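Some notes on the structure that comes next.
Values quoted throughout were computed directly from the atomic coordinates according to the rules given, and no laboratory measurement underlies them. Everything numeric here is computed off the predicted structure, so don't read it as measured data. Cβ placement follows ideal geometry from the backbone for every residue including glycine, while neighbour counts extend to all protein chains displayed.
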Amino acid sequence: MKYLCLVYLEEEKLRAVPDRECMACGDGFRKSGLLVAAEALQPVATATTVRVRNGKVSITDGPFAETKEQLAGFYLIEARDLNDAIQVASKIPPAREGSIEVRPVRQLDPQ
Amino acid sequence: MPVTDPVHEAVNAAYLSDSRRVLATLIRLLGDFDVAEEALHEAFRAALEQWPRDGVPTNPRAWLVSAGRFKAIDGLRRRARFDALDDAGDQADVAVVDTAAWADEESVEDDRLRLIFTCCHPALAPDAQVALTLREVCGLTTEEIAQAFLTPAPTLAQRIVRAKAKIRDARIPYEVPTRAALPERLDAVLRVIYLVFNEGYAASSGALVTRHDLSAEAIRLGRLLVELLPEPEARGLLALMLLHESRRAARTSASGDVILLDDQDRSLWNRDQITEGTRLVEGALASRGFGPYTIQAAIAAVHADASTAAATDWAEIVGLYDILLRADASPVIELNRAVAVAMRDGPAAGLALIDAILQRGDLLDYRLAHAARAELCRRLGRTADARTSYERALALARQEPDRRLLERRLAELS
């Protein structure tokens, strides 16, 4: 089963974990066959929100986040169950600076 | 259900003694709480039909598991026949493949532990852990749990539905944690049990009768856990609950007023519970890996051992609080230690410690901190200070019996 591990960090901690460490972590996951995909994200100031209402596209600056932490990156992993996914998430380096939200992936229903 | 007929009686007896065991095994075999619950009901319905005709089976539990499993698979097959997709049929076949894996005693006992650990999984919200444990492990109805926690039944039902959905959708595994993960996961289970106990014991609100049932339920859960997994802290928690529970009859007057430990009639204490609790504490203390529950139980055991309040070994209690603070530092434990120091060294020594806690900004909204301060000031003859602190405590008291106690103390000052 796939889980998306969303990395949340406060703005000033976006660079608290060295990139090198995150790359090593991703490589480790990949070698163990746990990793589907992983990326780090630019700060939330670079974000654009797109909506379609009544067929019209509306574009606004950034998401309107009320929380101090922002989405800083993600790891899409393959795990047997939630306990395994939690194990993997606890090894993601920014877990010690911010938080990791572990979300199970939902299978789309073709019906 | 009439209980005069011996076969019906056998079905009822099987329900009381084995329905939770059967459910725990069916969840493992069928991989889904709701499917397993439906299968459990089907199994008992089948027992009511077949046992009068064919006689009560030699192993009713195995019969019920087998019947429940068969009914569930049959149901899946029937549904699959109406389904355009083939995988539902495949799923049903997968479940048919394993035979009699559930039969041996050990895996059945493991199923009960699996159920406990799954219901108390830290990925579930704490109130959902409590509700799910009482519903699935103890077999209380949603209405009973709602009543005991003074929560509207629909709210509680929804809490349980959500928790089950999370178990299914996030795939919380049905397993006993590995040795490495055990301490942390066991903590979560112990926390749930102690919360249920305190809800019944401290009677934070609500009718007393239902609340007493909650304490009894927590003790039953504690016993089950000790039986299945005799870890030192599980024994410590059971001891702590028994030792507290032993004082129940002495804790309140006939009119419902609170009687503090010092003033309790110790002949009302339940000796059997004290003996069992003390024996459990001694066992837990002698083993490695005991923790805060065991130390708190040891403190309760020192109180239980004193024939009068004056005979209490306060030096021993202060020593135990020192150990407890090292294991689990918290302002509340510091406060309790301060009270014990006051008993050992006199009120001035205890008051200095309490004032230090309050000056630090801790426990300012904690009723018992102000009540303890008031009591020590009173003993030192500092009546004005005692009055201020009693009034502060009274402003924080939510329960009628607590308020009456504080009002009584205030009246006694003048």
>> With equal scatterers on the alpha carbons only and no solvent term, can you work out the Debye log10 of I(q)/I(0) for the protein assembly as shown at 0.08, 0.09, 0.10 1/Å?
In response: -0.72, -0.88, -1.03
> Relative to the Cα centre, what is the charge dipole magnitude of the stretch B:229-283, using +1 at the beta carbon of each Lys and Arg, -1 at the beta carbon of each Asp and Glu, and rounding to the nearest 20 debye?
Replying inline: 100 debye
> How large is log10 I(q)/I(0) at q = 0.09, 0.11, 0.12 Å⁻¹ when the Debye formula is applied to the Cα atoms of chain B, each weighted equally and without solvent?
Replying inline: -0.67, -0.92, -1.04
> Here are some pairs, A:Lys13/A:Lys91; A:Lys2/A:Lys31; A:Lys31/B:Lys166; which of them have Cα atoms lying more than 20 Å apart in this structure?
Replying inline: A:Lys31/B:Lys166
> Looking only at the stretch B:333-373, which residues have a backbone nitrogen under 16 Å from a spot 7 Å from the Cα of B:Glu391 in the C-beta direction?
Replying inline: B:370-371
>> Let's test this: bin the Cα-Cα distances of the stretch B:292-414 at 5 Å from zero up to the farthest pair and state each bin's percent.
In response: 2, 12, 19, 20, 21, 17, 8, 1, 0
>> Suppose every Lys and Arg Cβ carries +1 and every Asp and Glu Cβ carries -1, with no other charges. What dipole size does chain B come out with about its Cα centre, to the nearest 20 debye?
In response: 1000 debye
> Put +1 on the Cβ of every Lys and Arg and -1 on every Asp and Glu Cβ in the stretch B:125-195; which of B:Val161, B:Ala146, B:Leu132 then has its Cα farthest towards the positive end of the dipole?
Replying inline: B:Val161
> Between B:Ala254 and B:Trp314, how many nm apart are label points set 7 Å from Cα along the C-beta direction?
Replying inline: 3.3 nm
> How much net charge surrounds B:Glu412 when only other residues with a Cβ under 12 Å from its Cβ are counted (Lys, Arg +1; Asp, Glu -1)?
Replying inline: +2
> What shape does the stretch B:183-304 take by its C-alpha gyration tensor, where a ≥ b ≥ c are the square roots of the eigenvalues and a/c under 1.5 counts as rounded, a/b above b/c as prolate, and the rest as oblate?
Replying inline: oblate
> In the protein assembly as shown, with Lys and Arg counted as +1 and Asp and Glu as -1 at Cβ, which of these residues, B:Leu280, B:Leu29, B:Pro173, has the Cα nearest the positive end of the dipole, that is, farthest along it?
Replying inline: B:Pro173
>> If the only charges are +1 at each Lys and Arg Cβ and -1 at each Asp and Glu Cβ, what is the size of the charge dipole of the protein assembly as shown around the Cα centre, to the nearest 20 debye?
In response: 900 debye
> With Cβ to Cβ distances under 13 Å as the rule, what net charge do the other residues near B:Arg344 carry (K, R +1; D, E -1)?
Replying inline: -3
> Simple spin-label model, 7 Å along Cα-to-Cβ: B:Asp263 to A:Asp81 in nm?
Replying inline: 5.2 nm
>> At R0 = 51 Å, how high is the FRET efficiency between B:Ala352 and A:Asp27 if r is their beta carbon distance? Nearest 0.05 is fine.
In response: 0.30
> For the protein assembly as shown, what is the mean residue ellipticity at 222 nm derived from helices alone (per DSSP H run of n ≥ 4: -39500 (n - 2.57); sum divided by total residues; nearest 500 deg cm²/dmol)?
Replying inline: -19500 deg cm²/dmol
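When Lys and Arg each count +1 and Asp and Glu each count -1, what net charge do the other residues less than 15 Å away from A:Gly33, Cβ to Cβ, add up to?
Value of the local net charge: +2.
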> Considering only B:Asn270, B:Leu376, B:Val318, whose Cα is most displaced toward the positive end of the charge dipole of chain B, charges sitting on Cβ of Lys, Arg (+1) and Asp, Glu (-1)?
Replying inline: B:Leu376
>> I need the calculated FRET efficiency for the pair B:Ala181 and A:Ala95, taking r as the beta carbon distance and R₀ as 25 Å, to the nearest 0.05.
In response: 0.90
> What shape does chain A take by its C-alpha gyration tensor, where a ≥ b ≥ c are the square roots of the eigenvalues and a/c under 1.5 counts as rounded, a/b above b/c as prolate, and the rest as oblate?
Replying inline: oblate
>> Relative contact order of chain A, please, whole-number percent, based on alpha carbon pairs below 8 angstrom and at least 6 residues apart.
In response: 50 percent
> What nm distance separates the two modelled labels at B:Glu143 and B:Ala165, each placed 7 Å from Cα along Cα→Cβ?
Replying inline: 2.5 nm
